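Colleague: First the structure, then my questions, so here it is.
The values are calculated or read from the model by the stated rules, or taken from the named source; none is laboratory data. Everything numeric here is computed off the predicted structure, so don't read it as measured data. Cβ placement follows ideal geometry from the backbone for every residue including glycine, while neighbour counts extend to all protein chains displayed. Remember, those area values only see protein heavy atoms, side chains included, never the ligands or the DNA or RNA. Shrake-Rupley method; radii C 1.70, N 1.55, O 1.52, S 1.80 Å.
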Amino acid sequence: MTVGSLPKKILLFSIPLMASQLLQVLFNMADVAVVGRFSSSIALGEVGSTTTLVTLFTGVLIGIGSAVNVIAARYLGAKRSDDLRESIHTSFIISLIIGFIITAACLTLAEPMLALIKTKDELIGGAVLYFRIYALGMPALAVFNFGNAVLSAQGDTKRPLLYLTIAGILNIVLNIFFVVVCKRSADGVALASIITQYLSALLIIIRMMKSDGACRFEFRNLKVTPAKAKQLLILGIPAAFQNAIFAIANLFIQTAVNSFDHVMVEGNSAAANADAIIYNIMAAFYTACSTFMGQNLGSGKPKRVLESYFISLGYSFVSGAILGLALVMFGRTFLALFTNDAAVADAGMQRIMIMGFSYMLSAPMDCTIAASRGLGKSIVPTIIVIMGSCVFRVIWVYTVFATIGTIPSLYLLYAFSWVITAVAETVYFIIAYKKAARAEAW
């Protein structure tokens, strides 16, 4: 990562990562597709009603994983093997503990949280059951994100892709088995998801145990090193909170969607699957951004640090534009994967027609946040996100949407919040980069 062509290396690094992140999305997406096609539109609404909450808690684990990635990349670049080894084993323990805490919270608060976002009465029973079963897989998801972060930091994005491919195929097979053969509904697809999440976690830990060098995982070395735990939490908690903030803001949006009839709720649930696909393709370049910046920062190569940011930003913007346009053109074909109901598809297209032209606008915001994290800065970017993507969205829901009252007026808040937040994040990144340059005496 510290030598050679950056455009080529960032692209080659990102493609397997992109595919692996997409396969994680397929866990939930396959649930929605199978129940939508082989069960009922009610089951589709039950699973879809939990999407925002699932994103909220998985976002926390992804945020912790991003911190693990940055720290590991920095130590790899600086060739500090002892620090790297301590960080890896400390991070595993903390990640697993956070996974269990999230499971306990979801099991306890599933019904109140779904009621809080005004889940329809006819959907809430199945939604609660699905969410509680799905929550049992959070510790496994925490372990996988930890392992994926470490392997990615050393440039290995292919093995996580392989493990998720295996788990993804099994997930689809089990979904069909539980729904079609066993005649289960939301509970069946949730069970399929957690089984395959534990499989992917097991595979990645086995790989790390066979690894050579400082990235090798050994149970006998498991202990919490206070300095490394502090380092992880200082960077990881804001990153986790930052990811969760998007989902928290989306809870208000989901509440607004739930104010429409169940057809609109189901159409929104089906169309929202495109968000996860496109966001995760773009997110591969954000991970590349922070990883390449971290390694080059550790190696004292300022030019490559800044080039990593601009190249990743360009890739993510272009991918968002191309994928968004493709979605607009083939939206009904995409929605047909999740529903046979023409009215539900019509409702879904209302979301697609606005979001398809908006995804690319999220790139300057998210890539700049990743760049700041690559510099070791996480707290201020989180505050900016809270203001731009949470507070602003809530205000929009209770002003613009409350006044106009149409579903397009609700979806437009995404584009406006992304642009506003991107401007503020860019200003902060420029300041942080200049301070880092002075501190490193470049």
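Colleague: Please give the number of the condition L84 fails out of (1) at pLDDT 85 or above; (2) over 27 Å from T157 (Cα atoms).
Modeller: (2)
Colleague: From the list V391, V397, pick out the single residue that is in contact with a helix residue (DSSP H, G or I) (Cβ under 6 Å, 6 or more places away or on another chain) and either farther than 30 Å from V34 by Cα or touching a residue at least 60 places away in the same chain (Cβ under 8 Å) (or both). Explain how you work it out, then say what you get.
Modeller: Details: V391 fails: in contact with a helix residue (DSSP H, G or I) (Cβ under 6 Å, 6 or more places away or on another chain).
The unique qualifying residue is V397.
Residues checked against (1) open to solvent by less than 30 Å² (accessible area, probe 1.4 Å); (2) more than 24 Å from P302 (Cβ to Cβ); (3) among the aromatic types (F, W, Y):
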site: R74; (1), (2), (3): no, no, no
site: I88; (1), (2), (3): yes, yes, no
site: F92; (1), (2), (3): yes, yes, yes
site: A105; (1), (2), (3): no, yes, no
site: T108; (1), (2), (3): no, yes, no
site: L114; (1), (2), (3): yes, yes, no
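Colleague: Something else about it: Only one residue in S316, S308 is under 21 Å from A437 (Cα atoms), open to solvent by less than 40 Å² (accessible area, probe 1.4 Å) and not hydrophobic (A, V, I, L, M, F, W, C), so which one is that?
Modeller: On the way: S316 fails: under 21 Å from A437 (Cα atoms).
Exactly one of S316, S308 is under 21 Å from A437 (Cα atoms), open to solvent by less than 40 Å² (accessible area, probe 1.4 Å) and not hydrophobic (A, V, I, L, M, F, W, C), namely S308.
Colleague: Cβ contacts < 6 Å: first residue within 13 Å of R74 (Cβ to Cβ) and open to solvent by less than 20 Å² (accessible area, probe 1.4 Å), restricted to the stretch 214-235; second residue assigned to a loop (DSSP other than H, G, I, E, B) and at pLDDT below 90, any location; separation 6+ or different chain. Result?
Modeller: L235/S378
Colleague: Taking the condition under 30 Å from N258 (Cα atoms), in contact (Cβ under 8 Å) with a residue 12 or more places away in the chain and either open to solvent by 60 Å² or more (accessible area, probe 1.4 Å) or in contact with a Leu (Cβ under 8 Å, 6 or more places away or on another chain) (or both), does V419 pass?
Modeller: On the way: under 30 Å from N258 (Cα atoms): yes; in contact (Cβ under 8 Å) with a residue 12 or more places away in the chain: yes; either open to solvent by 60 Å² or more (accessible area, probe 1.4 Å) or in contact with a Leu (Cβ under 8 Å, 6 or more places away or on another chain) (or both): yes.
When the stated conditions are applied, V419 passes them.
Colleague: Look at V344 and say whether it is touching an Asp or Glu at 6+ places or on another chain (Cβ under 6 Å), buried (at least 19 other Cβ atoms within 10 Å of the Cβ) and modelled with pLDDT under 90. Break it down stepwise before answering.
Modeller: Numbers: touching an Asp or Glu at 6+ places or on another chain (Cβ under 6 Å): yes; buried (at least 19 other Cβ atoms within 10 Å of the Cβ): yes; modelled with pLDDT under 90: yes.
Spelling it out, V344 is indeed touching an Asp or Glu at 6+ places or on another chain (Cβ under 6 Å), buried (at least 19 other Cβ atoms within 10 Å of the Cβ) and modelled with pLDDT under 90.
Colleague: Within the stretch 390-404, does at least one residue satisfy the condition of being under 21 Å from the mean Cα position of the chain (by Cα) and open to solvent by less than 10 Å² (accessible area, probe 1.4 Å)?
Modeller: yes
Colleague: Exactly one condition in (1) over 30 Å from G77 (Cβ atoms); (2) within 17 Å of the chain's Cα centre (by Cα) is not met by D341; state its number.
Modeller: So D341 meets the others, but not (2).
Colleague: Shifting gears a bit: Given the options G314, G294, G348, G300, name the one that is free of Cβ contacts under 8 Å to residues at least 24 places away in the same chain and either touching a helix residue (DSSP H, G or I) at 6+ places or on another chain (Cβ under 7 Å) or not aromatic (F, W, Y) (or both).
Modeller: Working: G294 fails: free of Cβ contacts under 8 Å to residues at least 24 places away in the same chain; G348 fails: free of Cβ contacts under 8 Å to residues at least 24 places away in the same chain; G300 fails: free of Cβ contacts under 8 Å to residues at least 24 places away in the same chain.
That would be G314, the only listed residue that is free of Cβ contacts under 8 Å to residues at least 24 places away in the same chain and either touching a helix residue (DSSP H, G or I) at 6+ places or on another chain (Cβ under 7 Å) or not aromatic (F, W, Y) (or both).
Colleague: Pairs under 7 Å by beta carbon, first residue closer than 11 Å to T421 by Cβ in the stretch 373-384, partner outside any helix (DSSP H, G or I), six or more apart or different chains?
Modeller: Close Cβ pairs (under 7 Å, with a partner that is outside any helix (DSSP H, G or I)) do not exist here.
Colleague: If you don't mind, there's one more thing I want to ask. Kindly list the number of the only condition in (1) in contact (Cβ under 8 Å) with a residue 12 or more places away in the chain; (2) open to solvent by 30 Å² or more (accessible area, probe 1.4 Å) that fails for T333.
Modeller: The number of the failed condition is (1).
Colleague: Does F357 satisfy the criteria of being aromatic (F, W, Y), closer than 30 Å to G294 by Cβ and open to solvent by 80 Å² or more (accessible area, probe 1.4 Å)?
Modeller: Details: aromatic (F, W, Y): yes; closer than 30 Å to G294 by Cβ: no; open to solvent by 80 Å² or more (accessible area, probe 1.4 Å): yes.
Against the criterion (aromatic (F, W, Y), closer than 30 Å to G294 by Cβ and open to solvent by 80 Å² or more (accessible area, probe 1.4 Å)), F357 does not qualify.
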